[in-house]
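Undergrad: What follows is a single structure, and I will ask about it in a moment.
Just so you know, all these numbers are worked out from the coordinates, no wet-lab data involved. Here the structure is a predicted model, which means the values were calculated and not measured. Virtual Cβ from ideal backbone geometry, glycine too; neighbours counted across all protein chains shown.
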Amino acid sequence: MEWVLLGILLVLAIWVITIYNKLVALRNRFKNAFAQIDVQLKRRYDLIPNLVETAKGYLAHERGTLEAVIAARNSASSATQRAAANPADGEAMKQMMAAEAGLTGAMGRFFALAEAYPDLKANQNMMQLTEELTSTENKIAFARQGFNDSVMTYNTAIESFPDNYVAGFGSFPAATLLEATESPEERKAVKVSFT
């Protein structure tokens with residue numbers, strides 16, 4: 001009788017350990033997916049000052065727009081650093097999404113303004129930076145999709161029976177999906193073509 005009880009406890013312990021390890025793996029997977037976003041966002045943050053610097057000579061009297069882009073870039077960069085420190089922190093993720101929305105809006109105004117300057121549109125450096133930015137935006141979108149897929153898998157696991165009991169005891173909070181925070185007007189794609 002004691003052996004049977006000991007066997008049941010052993011099977012139960014192995015079962016709990018297996019679920020716990022699976023949840024750890026899923027949490028690490030979505031953290032890795034966020035790291036991929038972080039890499040692409042840093043690349044974009046590095047491109048933006050070069051873009052603004054290239055445009056300065058042409059848009060000298062549009063200083064407010066250029067400063068707004070840099071301020072939005074700095075705000076988004078800071079928010080991303082906070083979110084990267086703990087991608088499971090829902091509040092940090094929401095702040096990052098809001099800062100990214102602000103950057104998208106500022107970049108949209110920048111490109112709308114730049115459209116009015118044919119010499120700027122024809123500038124080789126500006127065209128190259130714009131192409132790199134477009135490529136980076138595509139990579140960011142792909143990385144965000146991978147992150148959201150990983151978060152969805154993780155959240156489904158921590159909400160499913162019997163994993164939800166282990167998640168409750170093991171401190172596995174739900175992760176936040178990256179969602180658009182802009183208004184319908186701001187959701188329009190930023191056009192970065194100078195051709």
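Undergrad: Using a Debye calculation, one point per C-alpha and no hydration shell, please list log10 I(q)/I(0) for the chain at q = 0.15, 0.17 Å⁻¹ in order.
TA: Summing over Cα pairs of the chain leads to -0.90, -1.06.
Undergrad: Then there is this: Does anyone have the angle between helix 90-114 and the longest principal axis of the chain? Alpha-carbon axes, 0 to 90°, nearest 10?
TA: Roughly 20 degrees between the two axes.
Undergrad: Another one. Residues with beta-carbon under 11 Å from that of residue 52, excluding residue 52: net charge, scoring Lys, Arg +1 and Asp, Glu -1?
TA: With Lys, Arg at +1 and Asp, Glu at -1, the neighbours total 0.
Undergrad: Now for a different question. Top mean-square fluctuation among 38, 89, 119, Gaussian network model of the chain, C-alpha springs under 10 Å?
TA: The residue that fluctuates most here is 119.
Undergrad: Near residue 164, within a Cβ-to-Cβ distance under 15 Å, what is the net charge of the other residues, with Lys and Arg +1 and Asp and Glu -1?
TA: Details: positive: 22, 27; negative: 159, 163.
Net local charge, residue 164 excluded: 0.
Undergrad: Exactly which GluC sites (Glu not before Pro) in the range 48-132 are in a DSSP loop and have at most 15 other Cβ atoms within 10 Å? It would help to have the intermediate numbers written out before the result.
TA: Values: sites: 53, 62, 67, 91, 100, 115, 131, 132; in loops: 115.
Answer by residue number: 115.
Undergrad: Pulled fully out, how much extra length does the chain show between residue 159 and residue 46, if you take 0.36 nm times their separation in residues and subtract their Cα-Cα distance?
TA: Gain on extension, residue 159 to residue 46, equals 36.8 nm.
Undergrad: In the range 2-169, how many lysine pairs have Cα atoms under 20 Å apart, counting only pairs 8 or more places apart or on different chains?
TA: 7
Undergrad: Then there is this: Between residue 25 and residue 135, what length comes free when the chain is fully extended (0.36 nm per residue of separation minus the Cα-Cα distance, one decimal in nm)?
TA: That works out to 36.5 nm of additional length.
Undergrad: Taking the Cα centre of the chain as origin, work out the dipole magnitude from +1 charges on Lys and Arg Cβ and -1 charges on Asp and Glu Cβ, in debye rounded to 20.
TA: 220
Undergrad: Could you check which residue among 64, 105, 146 shows the biggest mean-square fluctuation in a GNM of the chain with a 10 Å Cα cutoff?
TA: Its mean-square fluctuation being the largest, the pick is 64.
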